[in-house]
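See below for the structure under consideration.
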Amino acid sequence: MRKHRILCALVFVFVAAGVACLSILMGVVLPRQNVLAAQSTCIPVLRAAQVGGYVTLGRYEQNDNLSDGAEPIEWLVLERREGKLLLLSRNVLDYIPFNATDGLTVWDASTIRRWLDDTFYPAAFSAAERTTVLVSHVTPDRNTLFETDPGRATNSHVFLMGMAEVNTYFKTEADRMCLPTAYANAQGAIAVEGSGCMWWLRTPGYDCSATARVLEDGSVSFIGQPARRGLGVRPAVWVSCGENTAE
């Protein structure tokens, strides 16, 4: 009986050691494989990107035909800086509330912030692609007309543009106009003929129950829309383009 217990103990030790070694190996090998995959597929595309042009990265449902899977996402390149690119989706990709409950809210406490990082990010990007998406320090964006409290900064993979950013990167209202995908349109993002559809910013509106937005004609609404209502979502990300430049 004693020999049996010793044998069982030894078997347990060897199995546990094997599992531990396998976990360590997988923890090292899989991330390395993802990095190599990104270097061979994503990085060359990102490295060749030009400001004002478009790149394809990730996939999301867009044609509203769920049977054929998600479609490649096109991104507008807004800035290139120190081996990084700032990307904004070419189209409105979905239609959801800024915050799912009534009451006061700001970007850092919003349900849309959690949705972007916890739902959209893992759904839209493969494991290899996620190695290129950087964690961004997203600063509060104050409404300069109403001086509404913008909340606190966050560290996010995916975020919404602020009012100051859309005014910096888009010089005209026409540049800010954006069409929804067929899927986003089916969810409620309706485009006005000859214009675009509305999309969320992360800047608060006239108070913290409303959030600023870009209107169909590309103008920016300082008053905003009640945060509990649905509106178009145009995600933004910073990605690494694989250049060895000093930060």
| How many residues are surrounded by 23 or more Cβ atoms within 10 Å (Cβ to Cβ) and not basic (Lys, Arg) when one looks only at region 199-228? | 12
| field | Complete set of residues in region 135-166 that are within 12 Å of residue 238 (Cα to Cα) and surrounded by 17 or more Cβ atoms within 10 Å (Cβ to Cβ) | value | 136, 138, 156, 157, 158, 159, 160, 161
| task | Please name all residue pairs, on different chains or six or more residues apart, with Cβ atoms under 7 Å, provided the first residue is in region 78-92 and is of a type in the set (Lys, Arg) and the second residue is surrounded by fewer than 24 Cβ atoms within 10 Å (Cβ to Cβ) and outside any strand (DSSP E or B). | result | 80/51; 84/134; 84/241
| remark: The condition of being farther than 30 Å from residue 172 by Cβ, charged (D, E, K, R) and modelled with pLDDT of 95 or more holds, among 61, 79, only for 61
| task | Within region 229-244, count every residue that is under 18 Å from residue 159 (Cα atoms), surrounded by fewer than 23 Cβ atoms within 10 Å (Cβ to Cβ) and of a type outside the set (Gly, Ala, Ser). | result | 1
| task | Among the residues of region 102-134, write down those that are in a loop (DSSP other than H, G, I, E, B), within 24 Å of residue 239 (Cα to Cα) and not polar (S, T, N, Q). | result | 125, 134
| Only one of 54, 60, 121 that is within 20 Å of residue 198 (Cβ to Cβ), surrounded by fewer than 21 Cβ atoms within 10 Å (Cβ to Cβ) and among the aromatic types (Phe, Trp, Tyr) | 60
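Among the residues of region 174-183 satisfying the criterion of being within 19 Å of residue 87 (Cα to Cα) and not hydroxyl-bearing (Ser, Thr, Tyr), which is surrounded by the most Cβ atoms within 10 Å (Cβ to Cβ)?
Our first condition is that a residue be within 19 Å of residue 87 (Cα to Cα); within region 174-183, this holds for 174-181.
Then keep just the ones that are not hydroxyl-bearing (Ser, Thr, Tyr); that gives 174-180.
Numbers: 174: 11, 175: 12, 176: 21, 177: 21, 178: 23, 179: 15, 180: 26.
Restricting to residues being within 19 Å of residue 87 (Cα to Cα) and not hydroxyl-bearing (Ser, Thr, Tyr), the top hit is 180.
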| request: Report, by residue number, each residue of region 47-62 that is of a type in the set (A, V, I, L, M, F, W, C) and under 16 Å from residue 128 (Cβ atoms). | output: 55, 57
| task | May I ask you to list the residues in region 191-207 that are among the aliphatic types (A, V, I, L, M) and at pLDDT 95 or above? | result | 191, 198, 201
| Hey, does region 83-105 have a residue that's over 30 Å from residue 240 (Cβ atoms), modelled with pLDDT under 95, of a type in the set (Val, Ile, Thr) and surrounded by fewer than 16 Cβ atoms within 10 Å (Cβ to Cβ)? | yes
| query | Which one of the conditions (1) touching a residue at least 60 places away in the same chain (Cβ under 8 Å); (2) surrounded by fewer than 13 Cβ atoms within 10 Å (Cβ to Cβ); (3) over 27 Å from residue 224 (Cα atoms) does residue 131 fail to meet, given that it meets all the rest? | reply | (2)
| task | Among what's in region 72-101 and is in a loop (DSSP other than H, G, I, E, B) and under 15 Å from the mean Cα position of the chain (by Cα), pick the residue that is farthest from residue 46 (Cα to Cα). | result | 98
| query | Can you spot a residue in region 185-196 that is without any contact (Cβ under 8 Å) to a residue 60 or more places away in the chain, exposed (fewer than 15 other Cβ atoms within 10 Å of the Cβ) and within 11 Å of residue 214 (Cβ to Cβ)? | reply | no
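The values are calculated or read from the model by the stated rules, or taken from the named source; none is laboratory data. Since the structure is predicted, the reported quantities are computational estimates derived from the model, not experimental observations. Glycine also receives a Cβ, built like all others from the backbone with ideal geometry; neighbour counts cover every protein chain displayed.
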